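To start, the structure under review is shown below, and the notes come after it.
Read-outs throughout are calculated quantities, based only on the coordinates presented, and are distinct from any laboratory measurement. Please read all numbers here as calculations on a predicted model, not as lab measurements. Note that we place each Cβ from the backbone using ideal geometry, even for glycine, and neighbour counts take in every protein chain shown.
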Amino acid sequence: MGNNRILIFTGGRLGEWALEHIQEGDTLYGADSGALFLVKHGFRPDLSLGDFDSVTGEQLAAIRQASTETYDCDPVDKDYTDTELAFRQALGQQPDEIVLLGALGTRFDHSLANVHLLRSAIEQGIAALIMDEHNTIRLIDGMVELERSPHRSYVSLLPLSTQVTGITLVGFQYPLTDASLEIGQSLGISNVLLHDRGTISIRDGLLLVIESRD
């Protein structure tokens, strides 16, 4: 694949915690006010994009000056949210992984739409995560191995497809073998890893795996 990781900083809830995820060699995208967040903290976005309706003209000028590339679009005519524009751009680069930061916030419609973006990545075989201070969200169509973390106490499973079959959990307090979940069921909420590592595998469907803490 391509250029390792792309981190997308977007306009939801952001803080110092988000900067801790930046590693050497990462490509940084800033969507709308997410670009301003990067610039204010001394980072140079490789790409800043969006309609920039949440920043002032002075702030936009600072974003343009600090960014390697800037793409702004008409807020009326655009078909996608700023986050989806950035996500689509990232998918086109075929990275190993895309991490969305600031994709969860007070607007539940935007938060849910951003979770749905993970499906686009899985269709292209690209790993994608949504992370905030309390949650790590990924979508799987096969198998994933998780490591126990003091920052993420719980692991919850929620179907994104109508049904998910062949769910098998190894290393969890509540193991499953060849189980099924239908969308709308809460059976998979708040499991706990018993060991340093655990695996989740499914046979068919799309399953959200959410690591979280209170």
Run the simple label-point estimate for residue 106 and residue 21 please: 7 Å along Cα→C-beta, distance reported in nm. 2.1 nm
Note to self: C-alpha centroids of segment 140-172 and segment 11-44 sit apart, in Å, by 28 Å
MRE, 222 nm, helices only [DSSP H, n ≥ 4, -39500 (n - 2.57), over the chain, to nearest 500]: -6500 deg cm²/dmol
What list of ³J(HN,Hα) couplings, whole Hz, do you get for segment 30-38 from phi and the Karplus terms 6.51, -1.76, 1.60, once you set θ to phi - 60° and write x for glycine and proline? x, 9, 6, 5, x, 5, 4, 4, 4
Place the peptides 180-188, 15-23 in order of packing, highest mean first, counting for every residue the other Cβ atoms within 10 Å and averaging per peptide. 180-188, 15-23
Place the peptides 93-106, 119-132, 143-156 in order of packing, highest mean first, counting for every residue the other Cβ atoms within 10 Å and averaging per peptide. 93-106, 119-132, 143-156
Put a dot 7 Å past each Cα toward the Cβ at residue 79 and residue 54; how far apart are the dots in nm? 2.3 nm
So, in nm, how far is label residue 154 from label residue 88 when the simple model puts each one 7 Å beyond its Cα toward the Cβ? 3.5 nm
Quick one, which of (i) 27, 20, 19; (ii) 33, 17, 15; (iii) 24, 19, 18 is the actual semi-axes √(5λ) of the Cα gyration tensor in Å calculated for this model? (ii)
